[in-house]
Amino acid sequence: MNAYRLTFIISMITSAASSRLLPHPPNFTPIAALALFGGATFPDKRVAFLVPAAALFLTDVLLGFSILTPIVYGSFGLIVCLGFWLRRRRAAGAIAAAALSGAVLFFILTNFGVWALTARYEKTLAGLGQCFVAAVPFFRNTLAGDLIYSGLLFGGLALAEKRWPRLAENAPAVG
């Protein structure tokens, strides 16, 4: 990856991650979109996992951690893997499908975690159902945030690549 592209992508991720610190509706955050974007844009898979995880960690240092933190980080790791699938499929429909899949994945994993790791719900099938039903309003925000931030990140990069060709994936490395 050329230095211009790397710097631009890291700047996009840093800007989007910092928006998590601004007032926002519950679960309307850029983090899943960052994971998806990182998986799709960083050629080195380690960096694809590391940069979104670092953005999440740095904002969590300020916002706080919880018993669900490992589940949240694990779900975002899986969303990075969805981004790997997008590497050769950067059409709007594929990005939307991956964002939707990531939102569903996050919803299932984190709400199962709420049910399993907290005392909020009975440890029965009915309690699990109650947990998922109670989480539906949050899913709407998660999905909206994932779709909007994914559109901004992927669309922003596509526009920047057209405006500044040295940001393109196949542009020669600088150095």
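The values are calculated or read from the model by the stated rules, or taken from the named source; none is laboratory data. This is a predicted model, so every value here is computed, not measured. Here the Cβ is made from the backbone with ideal geometry for all residues, glycine too, and neighbour counts use every protein chain on show.
Screening the candidates PRO23, PRO52 for the property of being buried (at least 20 other Cβ atoms within 10 Å of the Cβ) and of a type outside the set (D, E, K, R) yields one hit, PRO52. Picking from residues in the range 61-83 that are assigned to a helix (DSSP H, G or I), more than 14 Å from the chain's Cα centre (by Cα) and of a type outside the set (A, V, I, L, M, F, W, C), the one that is surrounded by the fewest Cβ atoms within 10 Å (Cβ to Cβ) is PRO70. Do we find that GLY93 is surrounded by fewer than 15 Cβ atoms within 10 Å (Cβ to Cβ) and either acidic (Asp, Glu) or farther than 17 Å from ASN27 by Cβ (or both) in this structure? Here the answer is yes, as GLY93 does meet what is asked. Applying the criterion of being touching a helix residue (DSSP H, G or I) at 6+ places or on another chain (Cβ under 8 Å) and not in a helix (DSSP H, G or I) to the residues of the range 123-171, the residue that is nearest to PRO43 (Cα to Cα) is GLU169. Only a single criterion out of (1) aromatic (Phe, Trp, Tyr); (2) in a helix (DSSP H, G or I); (3) crowded, with 16+ Cβ neighbours inside 10 Å is not satisfied by PHE28, namely (2).
Every condition in (1) charged (D, E, K, R); (2) free of Cβ contacts under 8 Å to residues at least 40 places away in the same chain; (3) assigned to a loop (DSSP other than H, G, I, E, B) holds for ARG90 except the one numbered (2). Filtering LEU105, LEU125 for residues that are farther than 12 Å from ALA33 by Cα, of a type in the set (A, V, I, L, M) and exposed (fewer than 13 other Cβ atoms within 10 Å of the Cβ) leaves a single hit, LEU125.
Picking from ASN111, ASN170, which residue would you name as being among the polar types (S, T, N, Q) and either in contact with a Lys or Arg (Cβ under 9 Å, 6 or more places away or on another chain) or modelled with pLDDT under 95 (or both)? Spell out the reasoning first.
Details: ASN111 fails: either in contact with a Lys or Arg (Cβ under 9 Å, 6 or more places away or on another chain) or modelled with pLDDT under 95 (or both).
Exactly one residue qualifies, and that residue is ASN170.
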